[in-house]
Amino acid sequence: MSDSRVRVKICGLTRPRDMDVVAAAGAAYAGLVFFARSPRALAIPQAKAIALAAPAGLARVGLFVDAEDALIDAVLAEVPLDMVQLHGRETPERLAALRTRHGLPLIKAVGVAGAEDLPKLVDYGRVADMLLVDAKPPRDAVLPGGNGLAFDWRLIAGRRWPVPWMLAGGLDAGNVRDAIALTGARQVDVSSGVESAPGIKDADKIAAFITAAQG
């Protein structure tokens, strides 16, 4: 995939064969979830098998939500990951500590609902290697992401931050092209938008999404 094309992350893989599907469709990143309350959560042995199935060139991203060091240490001891994504209330100081501890590139997800949320992107952009601009979950939501919700993309139209960024939240094959056109995103992330059921990725939907994103 050339650098000029939109890079796609498919998050929440739950089966080793999903890696082949994601790679064949042209994704750049594959996400594995280590958050027990998610329908896409993986046990370490399961995650290891999926991660080992990744072909060369597909970046394996581990998603954690306000995780203690013990969990992250245990995962990284067994699961070959290329990046760590933090999707909770982690502070910039926590990101700096994790980089020192593990030395892996960090993606920080930031939920956006209104203009008041945008300064956090600047703050985290000073310490993260990449930002994931996501829809802020509802107050009563169980999950911090993967809820299939979008935000008002006009809030970030034409904006840039100190590090590369990725757009997430409610994307699917039907709207991703409009989202890219409006925001200028060069990277997009999808989970529930390419599933036939929670945690079950659909090969046809993945292919359709990436085709639409790369237009």
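The values are calculated or read from the model by the stated rules, or taken from the named source; none is laboratory data. Fair warning: this is a prediction, and the values are worked out from it, not measured in the lab. Ideal geometry is used to build each Cβ from the backbone, glycine not excepted, and the neighbour counts take in all protein chains shown.
Which one of L81, L106 is farther than 27 Å from A24 by Cβ, touching a strand residue (DSSP E or B) at 6+ places or on another chain (Cβ under 6 Å), crowded, with 16+ Cβ neighbours inside 10 Å and not acidic (D, E)?
Residue meeting the stated conditions: L106.
I'm told W153 meets every condition in (1) at pLDDT 95 or above; (2) over 17 Å from the mean Cα position of the chain (by Cα); (3) crowded, with 16+ Cβ neighbours inside 10 Å except one. Can you identify the failing condition by its number?
(1) is the only condition that W153 fails.
The rows are residues; the columns are (1) under 18 Å from the mean Cα position of the chain (by Cα); (2) free of Cβ contacts under 8 Å to residues at least 40 places away in the same chain; (3) closer than 16 Å to A109 by Cα.
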| position | (1), (2), (3) |
| --- | --- |
| R15 | yes, no, no |
| L32 | yes, no, yes |
| L42 | yes, yes, no |
| A77 | no, yes, no |
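Criterion first (buried (at least 18 other Cβ atoms within 10 Å of the Cβ), more than 24 Å from F64 (Cβ to Cβ), in contact (Cβ under 8 Å) with a residue 12 or more places away in the chain and not aromatic (F, W, Y)) does A212 satisfy it?
For A212, the condition - buried (at least 18 other Cβ atoms within 10 Å of the Cβ), more than 24 Å from F64 (Cβ to Cβ), in contact (Cβ under 8 Å) with a residue 12 or more places away in the chain and not aromatic (F, W, Y) - is met.
Which of the residues that make up the stretch 4-60 are of a type in the set (S, T, Y) and over 24 Å from D73 (Cα atoms)?
Scanning the stretch 4-60 gives a single hit, S4.
Looking only at the stretch 45-75, count every residue that is touching a residue at least 40 places away in the same chain (Cβ under 8 Å) and part of a loop (DSSP other than H, G, I, E, B) and tell me the total.
Qualifying residue count for the region: 1.
When the residues of the stretch 159-171 are narrowed to those that are touching a helix residue (DSSP H, G or I) at 6+ places or on another chain (Cβ under 8 Å) and surrounded by fewer than 22 Cβ atoms within 10 Å (Cβ to Cβ), which ends up nearest to C11 (Cα to Cα)?
G170
Every residue in the stretch 172-201 that is over 24 Å from P119 (Cα atoms), touching a helix residue (DSSP H, G or I) at 6+ places or on another chain (Cβ under 6 Å) and surrounded by fewer than 21 Cβ atoms within 10 Å (Cβ to Cβ), please.
Of everything in the stretch 172-201, those that are over 24 Å from P119 (Cα atoms), touching a helix residue (DSSP H, G or I) at 6+ places or on another chain (Cβ under 6 Å) and surrounded by fewer than 21 Cβ atoms within 10 Å (Cβ to Cβ) turn out to be D172, A173, R177.
Residue-wise test of (1) of a type outside the set (K, R); (2) at pLDDT below 95; (3) out of contact with any strand residue (DSSP E or B) (no Cβ under 7 Å at 6 or more places or on another chain).
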position: P162; (1), (2), (3): yes, yes, yes
position: L167; (1), (2), (3): yes, no, no
position: V176; (1), (2), (3): yes, no, no
position: V188; (1), (2), (3): yes, no, no
position: S192; (1), (2), (3): yes, yes, yes
position: P198; (1), (2), (3): yes, yes, yes
position: K201; (1), (2), (3): no, no, no
position: I206; (1), (2), (3): yes, no, no
position: A212; (1), (2), (3): yes, no, yes
